[in-house]
Each structure stands twice: as C-alpha cells, then as structure tokens.
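Down below is the structure, laid out as structure tokens.
The values are calculated or read from the model by the stated rules, or taken from the named source; none is laboratory data. On a predicted model such as this, the values are computed, not experimentally measured, just so you know. Heads up, the Cβs are rebuilt from the backbone with ideal geometry, glycines too, and the neighbour counts pull from every protein chain shown.
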Amino acid sequence: MRIAVLLSAGRHAVSGRPAPVPVEVQAIGLAAGLDGAELSGLHAGPDIGPLRDVLGHGLPRLVHLTIPDGDDPLPSLAAALREGAFDLVLAGRTSQGGEDTGLLPYALARALGLPIIADAAALAPGEAPGTLAVEQALPRGARRRLLVRLPVLVTVHPAAPAPRPFAFASARRGLIETRPGLAAPRAAASLEERPYRPRPKLIAKAAAGASAAERLKAATEAASGGGRLLVDPPPEEAAREILGFLRDIGVVARR
C-alpha cells in the first residue's frame with residue numbers, strides 16, 4: 001500500500017516558533033502501523049524548516065515541493081499525488097499557526113476525484129483486498145467503524161494514538177527529496193465594506209408550564225436585548241453607562 005502524509009508548516013501553540021503539527025505526526029504513526037505500507041511525506045512550501053524532525057517519528061522519506069512564499073500549494077500537491085499513484089492520502093484536520101481553514105484536504109479530494117473520510121482515530125486493513133477499515137471519531141467520545149475502498153483521502157483526528165517517540169537514528173536515516181513545485185499565485189481576496197446592520201434577535205422562550213397563548217406569544221415576538229446604544233458618547237457619559245451596567249449585573253457593588 002502506497003501512503004502519502006501531507007505535512008504543513010505549523011507553529012507551536014504556546015511559543016509561536018515553527019514546529020511540526022502534532023496531528024500530522026499522529027498520521028505518520030497511523031500509516032506506519034499498517035503492514036507493508038510504503039510511506040512518504042509531502043510538503044509544498046518555500047522551505048522545509050522544522051519538518052526535518054518528522055523523519056525521527058517513523059517517516060522514511062519526505063518530498064519537498066518548492067513553491068514561492070504565499071503561493072497556493074494545492075496544484076503542486078495534486079500533481080505529486082497523481083504522479084505517485086498513492087492508495088491512501090492522510091492529512092491533519094487543519095494546520096496550526098497559519099491560514100488554518102481546514103479546506104485543503106477537501107479541495108484536494110475534489111481535484112483528485114477521491115472520496116474523503118474525516119476524523120479518523122484508527123486505521124486497519126480491510127477484510128477484502130483493496131479496502132481499509134477506518135475508526136471515525138464522533139462527538140462525545142463515540143466511534144464509528146467504516147469500510148472504504150482504496151484509493152481514499154483521510155483526515156486524522158487528535159484522538160488518534162500519540163505519535164511515535166523521536167528517534168535520532170531514524171532522523172538520520174530519513175531521506176529528503178527536493179522537487180520544483182507548480183507556481184500558483186493566490187488571487188487577492190476581494191473585501192466589501194458594509195454599514196453595520198443589527199442582527200435578528202433571538203426568539204423569546206416560554207416558561208415551563210405556560211399556556212398555549214403564552215407559548216404562541218413567545219414564538220412570535222423577539223426577545224429584548226436590553227441596554228442602550230451610544231454613538232460617540234463623551235468619555236464621562238460612557239464611563240457612567242459602563243459603571244451602571246456593571247452594578248446591574250453585580251460585578252461592582254452599589255454604594
């Protein structure tokens with residue numbers, strides 16, 4: 001089974017320094033646990049940076065597709081995956097520290113014409129040849145077992161097993177292959193400014209045990225938000241209003 005793990009340039013959640021994304025390192029552990037897997041990593045970006053460390057977590061080979069900073073990595077990744085004819089593509093739910101929309105795996109699956117399975121917590125070979133058993137993480141700790149036919153793109157959930165410990169010998173043995181990627185400048189985002197418009201208010205809720213007339217009245221009238229709207233008030237007036245609100249909700253004691 002040929003497996004590709006998509007790797008992104010993340011940042012540490014606390015220090016902000018460049019670092020591998022934890023859920024992508026967990027994806028490497030899931031892929032390495034499949035018997036007979038031929039595992040490769042793919043990264044599209046201007047430099048490899050801290051991704052050299054992922055070689056120490058069981059990744060034998062990392063392919064770096066060089067593209068200018070700010071370019072769209074989708075065309076380069078799609079071309080490399082088509083050329084490699086991978087059976088399984090693993091990705092994290094989202095990157096960490098950049099433009100983290102989480103849409104890249106879905107856009108990539110659409111470009112390649114692959115089915116996508118989200119939030120995998122465990123992987124195992126399927127009973128039939130050419131299939132994969134995926135344990136999908138659901139809300140509130142629930143699990144669902146799916147049987148999918150290869151090739152497929154799977155995103156990994158943080159509930160997957162912890163990554164393998166870093167081994168310096170594995171990092172030394174790992175290979176990094178650098179290839180030119182496809183230049184794909186991103187189009188400038190078009191922004192539109194609009195005047196502020198109040199959002200619809202929530203519908204008022206009827207009290208427990210209310211009559212049919214009271215429930216109908218609550219369903220047809222909006223709940224009052226309360227408070228006053230001040231537009232460019234003097235500092236003294238704004239301070240009085242803020243202090244009065246804090247007193248009303250009990251944050252500041254009344255004198």
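Computed values, structure above
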| quantity | calculated |
| --- | --- |
| Criterion (aliphatic (A, V, I, L, M) and over 15 Å from Val5 (Cβ atoms)) met by exactly one of Leu30, Leu65, Leu88, Leu74 | Leu74 |
| One residue from Leu114, Leu123, Leu108, Leu132 being closer than 23 Å to Gly56 by Cα, in contact with a strand residue (DSSP E or B) (Cβ under 8 Å, 6 or more places away or on another chain) and surrounded by 14 or more Cβ atoms within 10 Å (Cβ to Cβ) | Leu123 |
| Failed criterion for Pro165 (all others in (1) farther than 18 Å from Ser40 by Cβ; (2) of a type outside the set (Gly, Ala, Ser); (3) outside any loop (DSSP other than H, G, I, E, B) hold) | (3) |
| Residue, farthest from Ala4 (Cα to Cα), within segment 33-62, restricted to residues that are under 19 Å from the mean Cα position of the chain (by Cα) and either not assigned by TED's automatic domain parsing to the domain that holds Leu104 or not in a helix (DSSP H, G or I) (or both) | Gly45 |
| Flag for Glu177 being assigned to a strand (DSSP E or B), of a type in the set (Asp, Glu) and in contact (Cβ under 8 Å) with a residue 40 or more places away in the chain | yes |
| Residue list for segment 1-41, restricted to those being buried (at least 21 other Cβ atoms within 10 Å of the Cβ) and either over 23 Å from Thr131 (Cα atoms) or in contact with a Lys or Arg (Cβ under 6 Å, 6 or more places away or on another chain) (or both) | Leu7, Ser8, Ala9, Gly10, Pro20, Val21, Val23, Val25 |
| Hey, Ala239 small (Gly, Ala, Ser), at pLDDT 80 or above and within 28 Å of the chain's Cα centre (by Cα) or not | no |
| Pairs with Cβ under 6 Å, 6+ apart, first in segment 1-26 and touching a residue at least 12 places away in the same chain (Cβ under 8 Å), second crowded, with 22+ Cβ neighbours inside 10 Å and of a type in the set (Phe, Trp, Tyr) | Arg2/Phe86; Ala4/Phe86 |
| Which listed residue is assigned to a loop (DSSP other than H, G, I, E, B), more than 27 Å from Leu175 (Cα to Cα), over 15 Å from the mean Cα position of the chain (by Cα) and touching a residue at least 12 places away in the same chain (Cβ under 8 Å), from Leu114, Leu146, Leu132 | Leu114 |
